[in-house]
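Asker: Okay, here's the structure, questions in a sec.
Read-outs throughout are calculated quantities, based only on the coordinates presented, and are distinct from any laboratory measurement. Owing to the predicted nature of the structure, the values given are computational and were not obtained by experimental measurement. A quick note on method: Cβ atoms are made from the backbone with ideal geometry, for glycine too, and the neighbour counts reach across all protein chains shown.
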């Protein structure tokens, strides 16, 4: 039986990475393979280096795609085929949302252009949990943890959030949108329930 692919998405500061760490500590999810994008491979390192520099936006996107392709062939597809469930902190929707914003002005519909680049070879998630949060809350969280990348600007995050919400509206079958502005415990309980139901058919 093929395993399931669940991805966690959201703007920087949405809390998804924190929830992902908590999922890894939960016994009922012990059999899952946890991963992330950018990956920890040399391709993922190249992506992170590009993000810290003034790399051309299309070149940056191509590095993301290369890392994604390697991630699929090396870990995601083999894990699913042997029946393991995979939970990824960021995946293809991040590219559509973020690069769909960085490429604004270069294409008529940059989100759709990025989405088209994935067709025919990516592995689509069975469930996408979108941590929806107000960009002003997200920016404050990023500032509180002492980390702020070039993406963690409120106007940019507003555009990214709009892209995420558009993706969710166009794919209601796979997306589940949760309010991530609430206290951590409330968000954790809801996400754990959603994922347990998807993986085990129960809450």
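Asker: Would you mind listing how long the stretch 5-65 runs along its three principal axes, going by Cα atoms, in whole Å with the largest first?
Answerer: Over the stretch 5-65, Cα extents along the principal axes are 42, 23, 17 Å.
Asker: A follow-up question, please. Among rounded, prolate and oblate, which fits the stretch 91-130 when a ≥ b ≥ c are the square roots of the eigenvalues of its C-alpha gyration tensor, a/c under 1.5 means rounded, and a/b larger than b/c means prolate?
Answerer: Oblate, since a/c reaches 1.5 and b/c is not below a/b.
Asker: While we're looking at this one, here's another question. Using alpha-carbon pairs under 8 Å, 6+ residues apart, how would you state the relative contact order of the chain in percent? Please report the intermediate quantities before stating the final value.
Answerer: Details: 288 pairs, mean separation 63.7, N = 203.
Across the chain, relative contact order equals 31 percent.
Asker: Running Debye on the chain with equal point scatterers at the Cα sites and no solvent, what base-10 log of I(q)/I(0) appears at q = 0.16 Å⁻¹?
Answerer: The calculated log intensity ratios at q = 0.16 Å⁻¹ are -1.10.
Asker: Label-point separation (nm) for residue 136 and residue 158, each offset 7 Å from Cα along Cα-to-Cβ?
Answerer: 1.1
Asker: Would you please give the FRET efficiency between residue 106 and residue 198, computed as 1/(1 + (r/R0)^6) with r the Cβ-Cβ distance and R0 = 22 Å, to the nearest 0.05?
Answerer: Details: r = 36 Å, r/R0 = 1.64.
Step by step, r from the Cβ atoms, then E = 0.05.
Asker: With a 10 Å Cβ neighbour count serving as the proxy for reagent exposure, in which order, fewest first, do 33, 6 appear?
Answerer: Least to most surrounded, the residues fall as 33, 6.
Asker: Would you mind calculating the gained length between residue 40 and residue 25 on full extension (0.36 nm times residue separation, minus the Cα-Cα distance), in nm to one decimal?
Answerer: Extra length available between residue 40 and residue 25 comes to 3.4 nm.
Asker: Please arrange 115, 161 by how many other C-beta atoms lie within 10 Å of their C-beta, fewest to most.
Answerer: 115, 161
Asker: Run the quick spin-label model on residue 58 and residue 165: label points 7 Å from Cα toward the beta carbon, then report their separation in nm to one decimal.
Answerer: Going from the residue 58 label point to the residue 165 one covers 3.1 nm.
Asker: If you average over every viewing direction, what projected area does the convex hull of the Cα atoms of the stretch 15-106 give, in nm²?
Answerer: Result: 6.6 nm².
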